Amino acid sequence: MGPAARAPVVAIFEDSSARPRGTGTGSGAVWDDAPCAVLVVDPSGTVVGANAVATGLLPQAVPGARLEEAVPHWLADAHRRLTASSAPLSGPGEAPGGEAGGRSLRAHPARGGNGDVVWWLLDDTELRLAEDALRGERERTALLAEVSETLSATLNVERCTEAIVRLAVQHLADAAVLIAPAAGRRLPVTHGTPEGPVHGTAEADPETVPGLSEALQGFPPVPSRWIDPALLPDWIMPPRFDGPAGSVVVTPLPGHGVPAGALVLLRRTGHAAFSRSEETFARLFAARAGAALSAARLYAEQAAITETLMRELFPPGLRQVHGVEFAGGYRVSELKEWVGGDFYDLHPAAGPDEESLVVLGDVCGKGLEAAVLTGKIRNTLHALLPMAGDHPRVLGLLNGALVSSHHTRFATLVLASAARVDNHVRLRLTSAGHPPPLIVRADGSVEEADTRGSLIGVLPRIRARTATVELAPGETCLLYTDGITEARGGPLGGDMFGEERLKDALGECAAMPAEAVVERVRMLAGQWVAGRSHDDMAVVAITAPRTVHLSAVDGHTRGRYTT
Amino acid sequence: MTPMHRPSFALAAETGPGTARLRVTGDLDHETTGELVGAVRLHLGARPAPDDLHLDFAALSTCDSTGLSGLLLVHRLAGARGTRLHLDNRPPFLERLLDITGTLEYLTAPPGEEPPGQAGEPEQRTGAL
């Protein structure tokens, strides 16, 4: 209350104080026509005057009435305090105030003649309402900020769901129910109760809740007053929700393009129904919740795709197939949310006279598009396994399956077919636009396999030349992606690891088992980048074992070893 | 050439009668390739389309797989307009990348004259699988 609002009171007081006692009670007193209520009370607490506005608000306050019987306590108390003390009338403190006749009033005292007190009762109802509305808006803004902050803190779908219903119960309703889009025939439902969230599924038709199936499709919510709470089915009611629902709001959770679900807010009978502004606020809340939930879902899907693709890489424990050693190593780029472009597969031979096929490849680009192309390549190659005896033909068919007029995304890869022949391993190696495999000889020399070919997926026709290589016991063939050779690091931080360093490192790997060669290369590349950002790195080693454990018949006796 | 001192990516265009020339400076990678392809589309969209499109790589620092994918797209776009693509002043690393991936001959062949393929079966685009 600013000084401006008080100024007229003082002016009128000075004017009225000049009149003798009694004139105030009759018609024609200066406050009769005042735009606010005016009461004149004598020192004994008896009303001696009241203008028309005052009697409108306080019908009992007529001349002769006892003040405490005619007005609310807060005003009677203020009068008593005032007459009991000799303090100045309008002190620095706030004027007493309270309700009367359904209005909010502030009482400003002034001295009349003969010790009378003239109470000017200013109506500040509108101001109060505006202040309440402002406070409400501030609280809602603060809540929305809290909602965004809380929800953005997690990319876990379950925790995000729990946070949404918890916040809804704290700030919006007696209970909240979050319904996720149907997974098959069941609806994932999370009930928010004061005791905490409860997850479950309901085999229920969303049509049974008015407005729910529309909300799940992302249509705007129907007004709360159109929904009869008595029609709500049991499955939507939270456990231990005592009493029937008195009012209900069903609002969509808008996601990124697709609806992220729907939120149902419930209030008990006897609690205030949802006002229009509360419904609007519920929609704002739902918009933030939907965005957060949808981001969490997208992240979960992407993480699941990454995990699926990674899990399928090289079956763990498959170290030796019919006398040939295989080992694979993968170092994912630190951008873990992306599916990398590198992959490898081992298709083990069915018998000792057949070849196992290793595929190692690098798909251009990253993310979902790269993952789709990777999946296509791996599936197609799997289907083409019966033709693996002719690498160029396999690559030609693969190329034909991948060429698209929509893009020029490509893959480079190496096919390696390996079979044991006596104590050697015979390899057929074919590069399709990929760095040729490196052969580590028993004497420590390192050679490039003599194979060349075009990349896959863009050119109308491709070329490929297969190299045949024999590995003596202890010799290794290494397939790798350029993530290894192009890894930047070293003493100056910006140099590529390069093929020469890789060859030098491999020169020390003669006679090592496949697993050890892979570990050595991974370790050196890891030391080279030393925590700096790097691309995906994949390596596969194919090794002719130095000693072959032929048999251990019953698992107790020592087997025979040959070299 | 360290990551701290790489030149930023830049394109400079020059057009003459029947010819467009784009000088590519810096790294051709997933962040910059779109810019090159956009500029090529712009020049190929001219009427009449240029007979020759020169990409000058004298000041190219690096080219990754996305960059190569972009060059393949540029080649395809040029072929569709009947424009000859020239990859001028190729640094050794680019030459090597095109060589290993088997794309050098394809990218530098005149339009309509596909280098002979030998692998696989002709026109496997139909669902023979």
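Any read-out appearing in this document is the output of simple, stated calculations on the displayed coordinates, not a laboratory observation. A quick note: this is a predicted structure, and the numbers were derived from the prediction, not measured. Backbone-built Cβ (ideal geometry, glycine too); neighbour counts: all protein chains shown.
Remarks
- Calculated FRET efficiency, residue A:144 to residue A:276, Cβ-Cβ distance, R0 = 22 Å: about 0.80 to the nearest 0.05.
- Rounded to the nearest 0.05, the FRET efficiency derived from the C-beta distance between residue A:354 and residue A:305 at R0 = 30 Å is 0.35.
- For peptide A:384-397, the mean count of partner chain Cβ atoms within 10 Å of a residue's Cβ comes to 2.
- Helix A:157-171 and the long axis of chain A differ in direction by around 0°, with both axes built from C-alpha atoms.
- Mean ellipticity per residue at 222 nm, deg cm²/dmol - from DSSP H runs of n ≥ 4 across the protein assembly as shown, formula -39500 (n - 2.57): -10000 deg cm²/dmol
- Peptides ranked, highest mean first, by Cβ atoms within 10 Å: ranges A:247-254, A:516-523, A:400-407: A:247-254, A:516-523, A:400-407
- Tilt relative to chain A, helix A:276-311 - C-alpha long axis, 0 to 90 degrees, to 10: 10
- Efficiency of FRET from Cβ geometry, residue A:523 and residue B:109, R₀ 60 Å, rounded to 0.05: 0.85
- The protein assembly as shown - charge dipole about Cα centre, Lys and Arg +1 at Cβ, Asp and Glu -1, debye rounded to 20: 280
- Using alpha-carbon coordinates, inclination of helix A:3-17 to the longest axis of chain A, degrees: 10
- Multiplying the residue separation of residue A:258 and residue A:203 by 0.36 nm and subtracting their alpha-carbon distance yields 17.6 nm.
- Other protein chain C-beta atoms within 10 Å of residue C-beta, averaged over B:64-72: 6.
- Legend: mean number of C-beta atoms from other chains within 10 angstrom of residue C-beta atoms, peptide B:91-102, equals 4.
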